[in-house]
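Report on one structure; see the data block that follows.
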Amino acid sequence: MLDMRSVGTLTRADLAETIHRKVGLSRAESLNIVESILGHMCEAMTDGENVKISGFGTFLLRDKGERVGRNPKTGVEVPITPRRVMTFRASKMLKDKVSGI
């Protein structure tokens, strides 16, 4: 388990270090595993697939249509082009763990 006492950012190197300590693989092999997993996730989302990690959450892709926005300073209407956005929906298990802190 990662040390959750300090507030900061969890990095790829942190994940690789945890794999190294828990599984016993070399640091290089551990980093390759992390990079491979993240690469597969990126490829899937690039291909339009959602990514679900059981007990953690789901990365969802959503297509947003063209709409009219407004510049808050000037009030001028500006067209916002259609685009694909990614959202994250945490699993119930993750929500329960986070709210229990």
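Got at least one residue in the range 77-86 being under 14 Å from the mean Cα position of the chain (by Cα), closer than 24 Å to Arg12 by Cα, at pLDDT 95 or above and not assigned by TED's automatic domain parsing to the domain that holds Arg12? Within the range 77-86, one or more residues are under 14 Å from the mean Cα position of the chain (by Cα), closer than 24 Å to Arg12 by Cα, at pLDDT 95 or above and not assigned by TED's automatic domain parsing to the domain that holds Arg12.
Number of residues in the range 45-73 that are of a type outside the set (S, T, N, Q) and under 13 Å from the mean Cα position of the chain (by Cα) equals 9. The combined condition, being surrounded by 10 or more Cβ atoms within 10 Å (Cβ to Cβ) and of a type outside the set (Asp, Glu), is not fulfilled by Lys73.
The values are calculated or read from the model by the stated rules, or taken from the named source; none is laboratory data. Please read all numbers here as calculations on a predicted model, not as lab measurements. Positions of Cβ are generated from backbone atoms using ideal geometry, with glycine treated the same way; all protein chains shown enter the neighbour counts.
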